[in-house]
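Below is one structure, written out as structure tokens; the observations come after it.
The values are calculated or read from the model by the stated rules, or taken from the named source; none is laboratory data. The model shown is predicted, which means the values in this text are computed figures rather than measured ones. Heads up, the Cβs are rebuilt from the backbone with ideal geometry, glycines too, and the neighbour counts pull from every protein chain shown.
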Amino acid sequence: MTNYNLNPKNRDIFVFMKFIAVLEIVINNWHLILLFFLVAVLYASVGFGGGSSYLAILTLTGIAFTQIRSTALLCNIMVVTGNVFFFQQQKLYTWKKVIPLVLFSIPLAFIGGYVKINQTFFFILLGFTLLFAAITMWISKKIIASEEDTRTLSLTKNASYGGVIGFISGMVGIGGGIFLAPLLHLTNWDRPKKIAATASFFILVNSISGLIGQYANPNFTIDWKLTSILLVTVFIGGQIGTRTGKTFFTSIQLKKATAILIAFVSVQVLWKYLF
């Protein structure tokens, strides 16, 4: 009996067939891969993972809603993992302020990921929430310039904000940074670049927790072939975005760019589900 794994000829044929299969997926989904790359670059530059945009893009593909959520969270994790390491190297984390935000968000993100929700209601609610956040950030004039200008919130407030956002994030399939960042900006929680770093860490831990919650749900599904290609794509885009944003964007540009990205997603989602 021939051992397939040890036969060089068969092994070469197997590798070639796998390459052709991957190439076929790339060709058939080139527009999706390109969009994911651009989203990763833009969102990573302001400390986000891009989960909300991944969700919006994937809704146009006809992929099952349960699979859309898990794919978006995996892409989130891939993008912000690099962000978190990069921001840590830049010493942008004040852990005594960050830890209270994730204290309750992690377990609640798991619960949210496990809960079943109505797709149409979810997207309409998400669209209006993001639009409100974008408008609020755009009209806000104050940009924090120094540590002395920042405000320290109580443990209760930090834990409450994080818990509520964590639950919603796990439920809808995003990391929550797109909700957390506007709130932190409006409360003068810290300087914009520290808020971007905190949002990245918040997205990472809640995306992992939410994904575990979804995995525990019997309806969990995912296309690993396409998802693997998208993960490589957003990792590369995230690395580019993190370094570009930190190097070339000022604080005001980071804030305005965040508002534009949030508004783009909200309009896209509302247009699809209201009209």
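Could you list all residues from the stretch 163-179 that are within 12 Å of the chain's Cα centre (by Cα) and of a type outside the set (Val, Ile, Thr)? Those that are within 12 Å of the chain's Cα centre (by Cα) and of a type outside the set (Val, Ile, Thr): SER169, GLY170, GLY173, GLY175, GLY176, GLY177, PHE179. Entry remark, the stretch 50-67: residues being touching a Phe, Trp or Tyr at 6+ places or on another chain (Cβ under 8 Å) and not in a helix (DSSP H, G or I) number 2 in total.
For the stretch 90-123, taking the residues that are assigned to a helix (DSSP H, G or I) and more than 20 Å from GLY163 (Cβ to Cβ), the one that is modelled with the highest pLDDT is identified as THR120.
Cβ-Cβ distances below 6 Å connect the following pairs, each with a first residue in the stretch 27-49 that is in contact (Cβ under 8 Å) with a residue 40 or more places away in the chain and assigned to a helix (DSSP H, G or I), a second residue that is of a type in the set (Ser, Thr, Tyr) and surrounded by 20 or more Cβ atoms within 10 Å (Cβ to Cβ), and a separation of six or more residues or different chains: ILE33/THR233; PHE36/THR233; PHE37/THR233; VAL39/SER53; ALA44/THR242.
Note on the stretch 51-69: residues that are touching a Ser or Thr at 6+ places or on another chain (Cβ under 8 Å) and buried (at least 23 other Cβ atoms within 10 Å of the Cβ) amount to 3.
Looking across the stretch 185-199, the residues that are part of a helix (DSSP H, G or I) and within 18 Å of VAL84 (Cα to Cα) come down to PRO192, LYS193, LYS194, ILE195, ALA196, ALA197, THR198, ALA199. Selection of the stretch 84-102 for residues being surrounded by fewer than 17 Cβ atoms within 10 Å (Cβ to Cβ) and aliphatic (A, V, I, L, M) yields only ILE99. Just to be sure, is THR136 over 27 Å from THR59 (Cα atoms) and modelled with pLDDT under 75? So THR136 does not fit the description; no.
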